[in-house]
Amino acid sequence: MRKLIALALGCFSLCAHVGVNDVFFEGLAGVYPLYVTIRPPVVIPGVAEITIRSAAKDVKGIRIAPMTLTGAGSKYPPTPDLAVQSKEDPQTFTGGLWIMSAGAWQVKTMVEGARGTGEVSVPVRAASQQVSTMDPVTGGVLTVLMILLAAGVVGIAGAAAKEAQLPPGTVPDHRKTKRGWLAMGTAAMLSLGVIWIGAEWWNAEAQDYSRSLYKPLTMQAKLNQDLLELQLSESGWYQVKTLDDFVADHGHLMHLYAIRESDLGIVYHLHPKFQKSGKFVLKLPEMAAGKYRLFADVVHKNGFPETLTSSMELREATKGPGESPDDAGGVLKGEGLAVLEPMGELRAGKPTMIRFTVKDADGNPAANLKPYLGMAAHLAVVKRDFSVFSHLHPNGNISMAAFEMAQINNLRLSNNVLVSSHASEGDGQRVPAEFGFPFGFPTSGEYLLILQFARPSGVETLSFDVKVSN
Amino acid sequence: MALACTSAIVGAHWDISWHSSIGRDNFWTPAHIAIYLCGVFGGISSSWLIFSNTFGIGNPDRANTVTIFGLRAPLGAFLVAWGGVAMLTSAPFDDWWHNAYGLDVKIISPPHVLLIFGFLSVQVGGLVLALGEMNRATAEKRALLEKLFLYLGGLILITLTILILELTTRTLMHSARFYRVLGMFIPVVLAAMSRASGNRWAATITASVYTIFLLGFQWILPLFPAEPKLGPVYSPTTYFVPPQFPLLLIVPALACDLIWQRMKGAGAWLQSLVGGLVFLSVMVAVQWPFANFLVSDGAKNWFFGSHHFGYYVHPNSYLRRGLFWHPEEEAGFGFAMIMGQAAFLSVLTSRLGMGFGNWMRTVQR
């Protein structure tokens, strides 16, 4: 039991990973706009809870099925479940899906409505997050039953040796009685032995399970003047991951956020280049001196996204220029350039929509916005104690690379991607001045929202403070 | 009691097939109900026996009972009651286990082993109840009870093969560890049944019960539709996936019967030595070449059933590709070492079975 408690304490630090376990997605299934919330199980295998809210009123039914994102398991969907329609809110549907192994999954969502059918697949990252300890009531009941069973073994062994072979009605003699006591003693020893073996087995299983607790790749940052070197290495997580299997997520293999630790007042969104297996490098742009917390988003080729963390201390400001034209950031600007629309009281764990309106110089909704990295806007959500970091797009907190993998078998791929604010430069699509990010803050506390969008003059990086209650 | 045990055996294989075909279940599936009914029936009947004998209700024959902590009943009733409590204990334990370490992915876990031991105890309790009656009965009644006794022995054999199911798939049939696990679990039942019943063909009959049940499962389960309700689905199925073709235990069982018939005057250790070695060598002689056939296309038909795969069986797996797995530890001298352990265990468990059989033969209460 002590080992179990130790594992649970160990889990505390693991659970406080920077990513957010739950998935928040907004997009189209055919013509039907959906807000999908997926709460993956914290223990794998386990059941993921799915909640889908349709913005359209003509949705008749929604079916959901879990599949792996890539590989042989992505070819044959299991029989889909019919999500349960809420009686209070007929536009809300709920269901539970079993996730049987850690890795990159997708929830295939099939909508049937008055305007025909529609499909969208939402990528989900599944990994064990914690080891549970036994509650005192269950522990007490099982302990009593264990003692009862052990006593039963002792009693049965004694009776078997003392009386079972005697003809009916015969009273056991001294020899038989002695044999009975001997058998009871032996059975007691054996019972203790079995309980000890069982406890060892249980601990071995618990330790084995603890190895399956998710640990992201480790990342070490090294500065050589204005050249940042990021060395990645295996973390010991039981799943085989390679250090050279990354795929591009809106054009880059890595998206690195550098946030100044002292006041969170300076933020950069950078794009290191892959140099060799496990190594990324970046010539830093013009950056202010300070100690920075680093959050790096990468996606493996199987669609499994990870957020790697590290820190670096820039003793002197760098002069730049950097290598990547997509790098952007600096001293955060406050409200005025964009407005955070009222969201009411924010509560931990509750799905919400973080909406912004970008203004022009006259205070009107901006009409000249451009896509930034193929998206209408990017939002980083950072808790002020750095225990939460999540990089969002108007689709939600899914990886866009994983999302595109999930749509491979989806006939409505183009429809989904275009209407889901995944704007691409040069496609002539106008970037709206108003956009929202589906998200649920995992815990209560003070958060910083770092918004990035592009005007013809360049990328703007703004920040907004929000407070989340329990 | 025989009905309760049969219910649990059918339920257990139904449940395994459910997990191979549909995947998703809950506590109230028919298969689970069939399993737990064994514990409930066993618990009720044994509780009645204990209650009525302890408090002298219904004029029971208290002379045929033993006493445990002030309670009176035939010994078998206490074994059944213990099994029932163990089976019911395993339910909340298993539920917690799922929440802590994930839903069912393997058979051999502490709560499942507790469930199987509980079930075994119910079956052994049934055996001992039958034996008590049998050892006190007239010749005519004894013949009927002996049939019941051998049938229950067959169910025990099936239960043990469920416990070792993951270690006895056809991909392992060319590994020494496959024969080691058989040596560890099978001779004890064959020897015990042979000794306790006194029937010349006890081991063969016991193995026949196993073979008939398994063939029945293999031929009947695929007649019912089923489809996976969770992923990843690697081998799509439209019917209940049955267990693999039964192990050829009936052949070494027959060999053991023949040997033990000819060694009646010999000591138990000598009989165990010869019986254990005969069991192992005949098992290797028949199962090893038969495994070549089982993994071939020739066995992919309704009779042998090698074309049935659980939905989770990966196309690159040894099972789907019809390959044998050779563990690293069996390279070189390792194979002989583990086969030596298999021989030692076969002899040892034969002796244990004989000792237990001898005790059962003298059970009066």
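For this structure, a couple of remarks:
- Index of the failed condition, B:I33 passing every other in (1) within 13 Å of chain A (Cβ to nearest Cβ); (2) without any contact (Cβ under 8 Å) to a residue 24 or more places away in the chain; (3) closer than 30 Å to A:I44 by Cα: (1)
- Apart from one condition, B:E140 fits all of (1) more than 12 Å from chain A (Cβ to nearest Cβ); (2) acidic (D, E); (3) surrounded by 18 or more Cβ atoms within 10 Å (Cβ to Cβ); the exception is (3).
Yes/no matrix, rows are residues, columns are (1) buried (at least 21 other Cβ atoms within 10 Å of the Cβ); (2) within 14 Å of chain A (Cβ to nearest Cβ):
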| site | (1), (2) |
| --- | --- |
| B:F217 | yes, no |
| B:A226 | no, yes |
| B:A253 | yes, no |
| B:L258 | no, no |
| B:Q261 | no, no |
| B:A268 | no, no |
| B:S281 | no, no |
| B:A285 | no, no |
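- One residue stands out in segment A:71-87 among those that are buried (at least 21 other Cβ atoms within 10 Å of the Cβ) and in contact with a Gly (Cβ under 8 Å, 6 or more places away or on another chain): the one that is farthest from the other protein chains (Cβ to nearest Cβ), namely A:A83.
- For B:A100, the criteria (1) within 26 Å of A:A204 (Cβ to Cβ); (2) without any contact (Cβ under 8 Å) to a residue 12 or more places away in the chain; (3) outside any helix (DSSP H, G or I) hold in every case but one, which is (3).
- Filtering B:F344, B:F356, B:F293, B:F279 for residues that are farther than 25 Å from B:T159 by Cα, part of a helix (DSSP H, G or I) and not small (G, A, S) leaves a single hit, B:F293.
- Some residue of segment B:110-120 being modelled with pLDDT under 80, surrounded by fewer than 20 Cβ atoms within 10 Å (Cβ to Cβ), touching a helix residue (DSSP H, G or I) at 6+ places or on another chain (Cβ under 9 Å) and not β-branched (V, I, T): no
- When segment B:323-333 is filtered for residues that are exposed (fewer than 14 other Cβ atoms within 10 Å of the Cβ) and part of a helix (DSSP H, G or I), the ones remaining, listed by number, are B:E328, B:E329, B:F333.
- Single residue of segment A:112-133 satisfying the filter (hydrophobic (A, V, I, L, M, F, W, C) and away from chain B (no Cβ under 14 Å)) that is farthest from A:A102 (Cα to Cα): A:A114
- Scan of segment B:231-249 for residues that are facing chain A (nearest Cβ under 7 Å) and surrounded by 24 or more Cβ atoms within 10 Å (Cβ to Cβ), ordered by number: B:G231, B:P232, B:V233
- So A:A150, is it surrounded by fewer than 18 Cβ atoms within 10 Å (Cβ to Cβ) and in the same structural domain as A:E205 (by TED's automatic domain parsing): yes
To keep it simple, each residue is scored yes or no on (1) at pLDDT 90 or above; (2) under 48 Å from the mean Cα position of the chain (by Cα); (3) of a type in the set (D, E, K, R); (4) surrounded by 13 or more Cβ atoms within 10 Å (Cβ to Cβ).
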| site | (1), (2), (3), (4) |
| --- | --- |
| A:L166 | no, no, no, yes |
| A:V171 | no, no, no, no |
| A:K178 | yes, no, yes, yes |
| A:A183 | yes, no, no, yes |
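- Filter pass, A:A160 being touching a residue at least 12 places away in the same chain (Cβ under 8 Å) and either in a helix (DSSP H, G or I) or facing another protein chain (nearest Cβ under 9 Å) (or both): yes
- For segment B:291-312, taking the residues that are more than 24 Å from the chain's Cα centre (by Cα) and within 14 Å of chain A (Cβ to nearest Cβ), the one that is farthest from A:P45 (Cα to Cα) is identified as B:Y311.
The values are calculated or read from the model by the stated rules, or taken from the named source; none is laboratory data. Quantities reported herein were computed from a predicted structural model and do not represent experimental measurements. Ideal geometry is used to build each Cβ from the backbone, glycine not excepted, and the neighbour counts take in all protein chains shown.
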